[in-house]
Amino acid sequence: MRMRFGHLIFLVLPLSLASASQALSPEAAQPPVDASVPSLTQDEIRQLIRKVADNDMGNDKLQRNYTYLQREEEHKLDGKGRVTSTEIRTSEILEIYGEQVERLISKNDEPLSDKDARKEEEKIQKLIDKRKNESADDREKREKKEEKDREEGRKFVTEVADAYSISLAGIESLDGRATYVIDAEPRPGYQPHMKEAKILTKLRGRMWIDKNESQPTKFDIQCIDTISYGLFLARIHKGTRIIYQQTRVNDEVWLPIYSEVHAGGRVLFFHMKANEIERYSDYRKFHTDSKITIVQP
């Protein structure tokens with residue numbers, strides 16, 4: 001699950017929802033912040049956020065050269081918050097011609113059957129072949145759509161910078177690197193310009209920004225009011241909390257290392273409760289012209 005800075009906010013709308021009543025794991029606990037640092041004005045912080053957004057777009061291009069493992073743990077809960085079942089899925093995350101793809105490699109820490117493993121490999125190779133053989137017209141259409149999406153991302157970041165009252169909470173060491181800790185509260189009376197930005201008025205958050213690289217390193221987002229997605233599609237309850245963190249790899253790129261979702265909500269007419277934790281590892285460079293080979297378990 002790779003998150004762009006401008007659209008991280010939409011983490012609160014996955015179809016895999018989690019229970020807000022659960023305690024956060026040790027990784028999500030917040031260490032102390034050193035507040036004895038020179039203050040930044042809101043305008044200076046907004047300029048920093050816009051710079052972070054620009055740097056993140058450059059980082060997005062570098063991320064496409066990497067593959068890594070994602071280990072997802074989903075714990076389904078009953079009405080009293082007790083775990084009723086657990087499912088673990090481990091996938092390899094690939095970026096194929098700008099499209100992020102998951103290749104499932106194990107369930108509950110057991111290898112896939114030969115049949116299922118072959119299906120996963122063929123799925124990846126099919127996409128690679130499709131991109132290699134696409135026509136010039138199709139490639140142009142795809143690239144225009146990607147540019148449009150990037151432009152929408154830029155506009156959304158402007159909304160993020162303007163929708164909040166922002167303050168510098170202090171400086172904190174995260175993974176041995178100095179980070180600015182920025183707190184954001186919805187600005188009263190703010191009217192979003194983008195339809196998608198309406199969600200911002202119902203979220204507050206804390207963001208960690210690497211002081212030297214001006215890259216977002218961690219987010220802690222909380223839902224302060226109920227969010228409805230579509231007329232009957234989904235509803236995210238007040239109290240949802242999301243933790244997302246990324247790390248510096250090979251001294252050139254930032255990649256996800258940990259995420260955790262604690263939420264309460266409804267999808268269609270079904271109330272769903274679960275805890276979801278994802279951990280990332282085994283970062284390696286990957287090239288889209290590589291031939292996928294099928295390895296027997």
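The values are calculated or read from the model by the stated rules, or taken from the named source; none is laboratory data. Worth saying up front: this structure is predicted, and the values here are computed from it rather than measured. When we count neighbours, we look across all protein chains shown, and the Cβ atoms used for this are built from the backbone with ideal geometry, even at glycine.
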Query raised in the report: Can you tell me which residue in region 76-103 is farthest from D138 (Cα to Cα), limited to those that are of a type in the set (A, V, I, L, M) and over 16 Å from the mean Cα position of the chain (by Cα)?
Result: V83
Query raised in the report: For region 71-84, does any single residue satisfy the condition of being among the hydrophobic types (A, V, I, L, M, F, W, C), at pLDDT 80 or above and over 21 Å from D220 (Cα atoms)?
Result: no
Query - Cross-chain or 6+ apart pairs with Cβ under 8 Å, region 275-293 first and part of a strand (DSSP E or B), then of a type in the set (A, V, I, L, M) and at pLDDT below 50 - result: N275/A18; E276/A18; E278/M1
Query raised in the report: Among the residues of region 24-37, is any acidic (D, E) and either at pLDDT 80 or above or farther than 16 Å from W208 by Cα (or both)?
Result: no
Report task. Could you list, in sequence order, all residues of region 104-134 that are more than 25 Å from the chain's Cα centre (by Cα) and under 28 Å from S85 (Cβ atoms)? Result -> E110, P111, L112, S113, D114, K115, D116, A117, R118, K119
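Please verify whether K202 is out of contact with any Phe, Trp or Tyr (no Cβ under 9 Å at 6 or more places or on another chain), surrounded by fewer than 16 Cβ atoms within 10 Å (Cβ to Cβ), free of Cβ contacts under 8 Å to residues at least 60 places away in the same chain and not hydrophobic (A, V, I, L, M, F, W, C), treating the condition exactly as stated.
no
Given the condition more than 16 Å from the chain's Cα centre (by Cα), of a type in the set (V, I, T), at pLDDT below 65 and under 23 Å from D56 (Cβ atoms), answer yes or no: does some residue in region 245-260 qualify? Break it down stepwise before answering.
So in region 245-260, the residues more than 16 Å from the chain's Cα centre (by Cα) come out as 249-252.
Filter once more, keeping what is of a type in the set (V, I, T): 249.
Right, trim to at pLDDT below 65 and you get none.
For region 245-260, residues more than 16 Å from the chain's Cα centre (by Cα), of a type in the set (V, I, T), at pLDDT below 65 and under 23 Å from D56 (Cβ atoms): absent.
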Report task. For region 63-111, enumerate the residues that are assigned to a loop (DSSP other than H, G, I, E, B) and buried (at least 16 other Cβ atoms within 10 Å of the Cβ). Result -> R64, Y97
